[in-house]
Structures are given as C-alpha cells and as structure tokens.
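Have a look at the structure below, then the notes.
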Amino acid sequence: CPDHHVKNVNSAALDSSRIVDAPASAELPARIEKVLGKGTSSNAAHYELVLSFFKQTLEIEPDIHAHISAHEKSFTRLSTGLVQAVQNIQMEPTRLRIDGTAGSGKSAAGRLFFDQALSVNRRPLFVCYNRSLAERVKHTVNRGGHVNTWNGLCAKFLEDCGHKIDYEEMKSDPDFWTHIEERVLEEVVPDKWIFDFLVVDEGQDFEPVWFDLIQKFLENEAGIMWLQDQDQKIRRGVEGDVELVNFVGYRCRTNYRTPESIARFIMRYSPYKFECANDLPGLGVGVHRYKDQDEQSKIVASVVRELVRDGFTLSDIVVLSCRGIQSSFFSERKRVGEFSLRRFAGEYDMFGNQVMTKGKVLFDTIYRFKGQQAPAVIVVDMDPDPDDGEQSWKILHAAMTRATVRLDLVTKGDNAITGEFSAW
C-alpha cells in the first residue's frame, strides 16, 4: 500500500510482514526476497509468476451477449433521433419521404407513425418489400390496421373478395403475381379495405405500378410515409423510381446499427458513405478466401464453429447470400459441417405462408433479409457481375450492414470487387 499508512493490521487479518505500506515502501524488494528467497535469472517460470502477481492483471474476454444486449439498447436509444426529427415535421395530410441510410431507424419511424395512427382511430396500412420484414413488423406494432407485403396485400384482398388463389401456379407461371395485380385492378374496393394512412418500407424496390394500384386502397387525403434508401436498391428489373408528387423529403445519413469496427471496414471499401453513430466497437470483420466453390461449405462451417466458441448461439448467426435463393451455392445444401441449415423451402402452404426447412442456422438471401439484422452475419455468394459493378456493390453493402456485432465475408480469391480486402 505505497500511498497509505496501515494503522490496524488485525482488522486486515494479514501477517504484518506481508504488508508494505508508505513508511516501508523502500523495503519492498527486500521483503520479497525474504519471503521467496534469492531469485535466479535461469528460472524464467518463477520470474514470470512473481512479476504477474505484482502486476495485478486479469485475463478477460468479451461476453458475446453483453455485446448483443448493449447493441440492442444502444440502437433503441440512438435511433429515436430520426423518429424525433420527423415527428416535428408538420403537414396535413402527411406526404413524407425519408431517404435514410441502413441502420438509420427508418422502420422504427414507420412503426411509430403506424401506432400513432391507430391511437387516433385511423386505419393504417403498412406495406413492406419482403415477407420476412412484414412478419417482423406485424409482431412489433399494435393490433389494428393491416401489415403485409405488396403481393400479400393483393392476395389477401382477392381472397376476401371470394377469389381462390392456387399458389402452386407460382412454380410454373413466371407472371403469377402480374396476373394477381390485374385481378385486383378489376375489383371495386369495399370500405373495409380502405385505409387513411400508409407506410411503405423499402420503397426503393417498389415498382411504379404498385404505388398506382395501392392508391385504390387509400382515402383521397390519406397520410403517406415512404421509407427508402437508394444505396440499397438491389431488386433487378425495376425500371425507374416511384414518382412521389408533392412529398416533403427528409435525408438521414446516420447509421445507428453498425458498430464502429464494421462501419470502418464498410466505409473504407464501399462507395457508399454514412456517419457511424454507434459508439460500440463490435467484434470486427473477417475475410475468408477460397479457390474452388466446394471450399465454401468448409469455410462457413469453420466460421460458425469459431463463432459458437466465442459465445454466439446458433440463433444469433445468419448465413446471407448475395444471390437468389435458388441460384446460391448453398441452395441445395442441408448443412455445413455439423450445422444444419434452416431456409425457405420455395413452397407455400395452403394459406400462402412460406414453408421453412428444419435447421439450426438460418440461411437466407439479402433480397429476403433486407430490413432486418443479426448479431453475426456470414456473407456468401459474393462473386460480382463484371458488367454491373454498381449493382454488385449495392447488394454487398446491403448485406454487410445487417451485422450488429460480427461480420464475416466468404469470397473467391480473384473476386474483382473484394480483391482489395486483402489489405484489411
């Protein structure tokens, strides 16, 4: 105790010869030698033992779920910034377009406006781009109104009007949903399907004809909140953007989701820039290269194994493909190593619900997973289209910004886009 004078040894219940306080601080080496004997330079083990004792250090490793819990609390707290900002915009009726970067809290703002509409006895409609996001939103907003994808909304409406929809036809008819939309156009919309507030999430991937049709379900003065991010416009075959006339635009480039270590990696290599407002460090990025396609399964299994050793549960991990569900290298694989994969089976039950295979680790595509997040994300199928580098970057950017704690990339050695990652 070199900065203190020990007055009462008995209360400490220690041998007085083992206490070195301020008056005796110069005697420390002599006391050590008296207790341990004269040391020798040849006994390195004893040297390190004594030295580590007096350093009073601890060996610790991060608790993964402390990271996950901290991120959830931080994201919830910080992302309210966007919510508070748009709440202060006054207009009647609401015509608001939010162009927000990944992790800016767009969906949270949409859910809040949906619930606020319910609180004043309005009938809100929340339309998402993909089914997984719609299911998540449905379980996080208050009861009332309607939450669905665009396709799901059309199907539900037609069924309520007495139409029978054979989902088996999707397997053989590439224009299945186009025909569904044509049937919607022919119907007269009854009052129970008219809404007075609309939230559209992931609007950058909506087709212009969808917005034209969706207005059949809205009152003339219905409020509309449109959420989008042009940096994540990954759906191919959509010509032009939805034209939003007389909308007030709000742009937010602040990312509250991506931790600092992952954000630094993304901004170093990606052409899309944002402000990282997440002060948590995260557990960084791993880049894993392969030469032959068949190596991917072994690499992914090894990464999952390492993540589990670090403390992640299998439910924390998502293997995310940059391709469609049927064109991925992993589309026909039921497992990687000892880990079974859970994925969309490509089929629907009699109620139109997606059928998922049994498995422990979720395998999905960025097209289906966009708008969601996971503590540990493993991105696969990153080979770019050499004729469409910009689109490839948008897909990869969307995939990388799903990770909240750890990001791993499995990439081909001669990948034209990720070749620069070798410097990381």
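The values are calculated or read from the model by the stated rules, or taken from the named source; none is laboratory data. In this text the structure is predicted, and so the values were computed from the model without any measurement. For neighbour counting, all protein chains shown are included, and Cβ atoms are generated from backbone atoms with ideal geometry for every residue, glycine included. The accessibility values were calculated without ligands, DNA or RNA, using every heavy atom of the protein model including side chains. Shrake-Rupley method; radii C 1.70, N 1.55, O 1.52, S 1.80 Å.
How about the range 259-348: which GluC sites (Glu not before Pro) there are in a DSSP loop, with at most 13 other Cβ atoms within 10 Å of their Cβ? Before the final figure, lay out each step's value.
Working: sites: Glu260, Glu275, Glu295, Glu306, Glu332, Glu338, Glu347; in loops: Glu332, Glu338.
For GluC sites (Glu not before Pro) across the range 259-348 that sit outside H, G, I, E and B with at most 13 neighbouring Cβ atoms in 10 Å, the list reads Glu332, Glu338.
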Spin-label model distance (nm) - Asn88 vs His179, 7 Å beyond Cα toward Cβ
5.3 nm
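Using only the alpha carbon atoms of the range 186-333, find the Kirkwood hydrodynamic radius as the inverse mean reciprocal pair distance, in angstroms to one decimal.
Numbers: mean 1/r = 0.0508 Å⁻¹.
The answer is 19.7 Å.
Quote to one decimal, in nm, the extra length available between Met267 and Ser340 on full extension: 0.36 nm per residue of separation minus the C-alpha distance between them. Numbers along the way, then the final one.
Numbers: separation 73, 0.36 × 73 = 26.28 nm, distance 3.32 nm.
Full extension from Met267 to Ser340 adds 23.0 nm.
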Which value results for Rg/Rh of the range 293-365 when Rg is the Cα radius of gyration and Rh the Kirkwood radius based on the inverse mean 1/r?
1.00
State, to one decimal in nm, how far the label point of Glu219 lies from the label point of Lys73, with both points 7 Å from Cα in the Cβ direction.
4.2 nm
In nanometres, the difference between 0.36 nm per residue of separation and the alpha-carbon distance of Thr313 and Cys1 is 107.9 nm
Treating only the Cβ atoms of Lys and Arg (+1) and Asp and Glu (-1) as charged, compute the dipole magnitude of the range 201-330 about its Cα centre; round to the nearest 20 debye.
700 debye
Which lysines, on any chain, are close to Lys358 with Cα under 26 Å apart, when same-chain ones fewer than 8 places away are left out?
Lys138, Lys171, Lys298, Lys334, Lys370
Of Tyr367, Phe54, Thr258, which is farthest along the charge dipole of the chain in the positive direction, counting Lys and Arg as +1 and Asp and Glu as -1 at C-beta?
Phe54
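Using C-alpha positions alone, give me the convex hull volume of the range 105-146 per residue in cubic angstrom.
Working: hull volume 2.5 nm³, N = 42.
Considering the Cα atoms of the range 105-146, their hull volume per residue is 59 Å³.
Where the accessible area of the range 1-110 is counted over protein heavy atoms with a 1.4 Å probe, how much of it, in %, is carbon and sulfur? Before the final figure, lay out the partial values.
Numbers: 4230 of 7830 Å².
Of all accessible area on the range 1-110, carbon and sulfur atoms account for 54 percent.
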Running Debye on the chain with equal point scatterers at the Cα sites and no solvent, what base-10 log of I(q)/I(0) appears at q = 0.08, 0.10, 0.13 Å⁻¹?
-0.56, -0.77, -1.16
Out of Val380, Val141, Ala45, whose Cα points farthest toward the positive end of the dipole of the chain (charges: +1 Lys, Arg; -1 Asp, Glu; placed on Cβ)?
Ala45
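Based solely on its DSSP helices, what 222 nm [θ] is calculated for the chain when runs of n ≥ 4 H residues each add -39,500 (n - 2.57) and the sum is averaged over all residues, nearest 500 deg cm²/dmol?
Details: 14 runs with 141 residues, N = 424.
Helices in the chain give a 222 nm mean residue ellipticity of -10000 deg cm²/dmol.
What size of dipole, in debye to the nearest 20, comes out for the range 1-121 about its Cα centre when the only charges are +1 on Lys and Arg C-beta atoms and -1 on Asp and Glu C-beta atoms? Walk me through the numbers before you get to the answer.
On the way: 12 positive and 13 negative charges, 51 e Å.
The dipole of the range 1-121 has a size of about 240 debye.
Assigning unit charges at the beta carbon (Lys, Arg +1; Asp, Glu -1) and nothing else, what dipole magnitude in debye, to the nearest 20, does the chain show about its Cα centre? The partial results should precede the final answer.
Working: 52 positive and 62 negative charges, 318 e Å.
Using Cβ point charges on Lys, Arg, Asp and Glu, the chain gives about 1520 debye.
Expected output is a single nm value to one decimal: the length gained when fully extending between Gln230 and Gln354, i.e. 0.36 nm times separation in residues minus the C-alpha distance. What is it? Can you show the working numbers first?
Details: separation 124, 0.36 × 124 = 44.64 nm, distance 2.77 nm.
Contour length minus Cα-Cα distance gives 41.9 nm.
On average, how much accessible surface per residue is there in the chain, in Å², for a 1.4 Å probe, leaving out ligands, DNA and RNA?
Working: 22230 Å² over 424 residues.
For the chain, the per-residue accessible area is 52 Å².
Wrap a convex hull around the Cα atoms of the range 1-126, take a quarter of its surface area, and give that in square nanometres.
Values: hull surface 69.2 nm².
If you wrap the Cα atoms of the range 1-126 in a convex hull and average its projections, you get 17.3 nm².
Ordered by packing density, taken as the mean number of other Cβ atoms within 10 Å over each peptide's residues, highest first, how do 214-223, 83-92, 39-48, 124-133 rank?
Details: 214-223: 15.7, 83-92: 11.7, 39-48: 9.7, 124-133: 24.0.
For the peptides 214-223, 83-92, 39-48, 124-133, the packing ranking is 124-133, 214-223, 83-92, 39-48.
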Give me a comma-separated list of calculated 3J(HN,Hα) values for the range 162-168, in order, Karplus coefficients 6.51, -1.76, 1.60 applied at θ = phi - 60°, integers in Hz, x for any Gly or Pro.
x, 7, 9, 10, 9, 5, 5
Cα atoms only: what Rg and Dmax, in Å, come out for the range 276-332?
13.8, 39
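Counting other Cβ atoms within 10 Å, which trypsin sites (Lys or Arg not before Pro) in the range 264-330 have at most 14 and lie in a DSSP loop? Intermediate values should be presented prior to the final figure.
Numbers: sites: Arg264, Arg268, Lys273, Arg289, Lys291, Lys298, Arg305, Arg309, Arg323; in loops: Lys273, Lys291, Arg323.
Qualifying residues, ordered by number: Lys273, Lys291.
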Where the Cα pairs of the range 142-268 fall when distances are cut into 5 Å bins, in %
2, 8, 16, 19, 17, 15, 10, 7, 5, 2, 1
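May I ask you to derive the FRET efficiency for Ser302 and Tyr167 from their Cβ-Cβ distance with R0 = 45 Å, giving the value to the nearest 0.05?
Numbers: r = 38 Å, r/R0 = 0.85.
After rounding to 0.05, the efficiency reads 0.75.
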